[in-house]
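The values are calculated or read from the model by the stated rules, or taken from the named source; none is laboratory data. None of these values were measured; they are calculated from a predicted model. Cβ atoms come from the backbone with ideal geometry, glycine included; neighbour counts cover every protein chain shown. Each accessible area value is taken on the protein alone, full model and side chains, heavy atoms only, with ligands, DNA and RNA left out. Shrake-Rupley method; radii C 1.70, N 1.55, O 1.52, S 1.80 Å.
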Amino acid sequence: MRPRLLVIAASIALAGATIGLGAERDQRGVAGAQATPPPQVPTPCQGPQRARLRCPDLLMGTPEDMYAERTSGGRVLLRATNNVKSRGKGPVMFRGRRTGREEMSARQHIYRVNGTRLIADTGAELYFKLVPGQGHYWKFRDAASFELWSVDPEGHRLELVRRGPKVYYCLRDLFRTAPSKRSPRHRVFPGCNQDRGKQSVTLGTSTGWSDVYPSTYHEQWIDVTGLRGCFAYVHRADPKNHVWESDEGNNDSQRIVRLPWRSSKPRGCP
């Protein structure tokens, strides 16, 4: 067997052994939960034991409500509303614990079908993020990203041209965008906590709910100054893969735009 196949096989075996341990109390006293090592390829949500887990699935809505903002310094910022959708069999859920003055390490909680939970150290972090005019919030770092890509004549992405500054999100239940039997009728995860003194916080988005930020919100833009031609304006969920999901291939969406920006109709673009 080739070395790479040996590594993957070992990862699958480790994931299967971890899930097969059953309900127990972990070192932090959470009933029915257990700690696991940092994520490997594949994660338990794609491995042979995935049927025992209610893994989440993040999707990103198409960029909406786009408009160009011209700053006093002569920059052009192309703004957009984004919609981080929680789908799948279970919620996106993280619990953070204080590691610094304005930061926490966070571990993902994934429900099993028997009601117990798998606790995973995926490398996720929370920060006490300042939003001008609103104050500080405990937010999930690298929950999503704004990207601008060049495209070929058929509209296929070629090269990453620019990135936006927005990477911090609450992961809250804001709007119930896909009602179903798995989707709770009422909010389970509220807005971000603003208490600087908190030693631990919980963030999450329930199945069928979305965390939505309007185009006017802080850092909802990509600097497109000086660019000309057709581009793909991309919103991507979980760009650093800190969320274990049932499907890692459906995390981005795009809108084709023509620059300099004139309207939402990109004339002459694929």
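Any chance you could count how many residues in the stretch 106-142 are open to solvent by 10 Å² or more (accessible area, probe 1.4 Å) and not charged (D, E, K, R)?
Going through the stretch 106-142 one residue at a time, the tally reaches 15.
Considering SER200, SER150, SER183, which residue is farther than 30 Å from ARG50 by Cβ, over 17 Å from the mean Cα position of the chain (by Cα) and hydroxyl-bearing (Ser, Thr, Tyr)?
When all the criteria are applied, what remains is SER150.
Out of LEU118, LEU148, which single residue is in contact with a helix residue (DSSP H, G or I) (Cβ under 7 Å, 6 or more places away or on another chain), of a type in the set (A, V, I, L, M, F, W, C) and assigned to a strand (DSSP E or B)? Steps first, please.
Working: LEU148 fails: in contact with a helix residue (DSSP H, G or I) (Cβ under 7 Å, 6 or more places away or on another chain).
Going through LEU118, LEU148 in turn, the sole match is LEU118.
Exactly one condition in (1) of a type in the set (A, V, I, L, M, F, W, C); (2) in a strand (DSSP E or B); (3) open to solvent by less than 20 Å² (accessible area, probe 1.4 Å); (4) out of contact with any Lys or Arg (no Cβ under 8 Å at 6 or more places or on another chain) is not met by ILE256; state its number.
(3)
When both residues are 6+ apart or on different chains and their Cβ atoms are under 8 Å apart, which pairs have a first residue that lies in the stretch 257-270 and is under 19 Å from THR225 (Cβ atoms), and a second that is open to solvent by less than 60 Å² (accessible area, probe 1.4 Å) and aromatic (Phe, Trp, Tyr)?
Filtered contacts from the stretch 257-270: VAL257/PHE231; VAL257/TYR233; ARG258/PHE231; LEU259/PHE231.
Anything in the stretch 184-222 that is of a type outside the set (D, E, K, R) and part of a strand (DSSP E or B)? List them, or say none.
Correct list: SER200, VAL201, THR202, LEU203, GLY204, THR205, TRP209, SER210, VAL212, TYR213, TRP221, ILE222.
Tell me whether the stretch 151-164 contains one or more residues that are open to solvent by less than 60 Å² (accessible area, probe 1.4 Å), small (Gly, Ala, Ser) and in contact with an Asp or Glu (Cβ under 9 Å, 6 or more places away or on another chain).
yes
Do you know which residues across the stretch 223-253 are part of a loop (DSSP other than H, G, I, E, B), buried (at least 21 other Cβ atoms within 10 Å of the Cβ) and of a type in the set (A, V, I, L, M)?
Hits for the stretch 223-253 are VAL224, VAL243.
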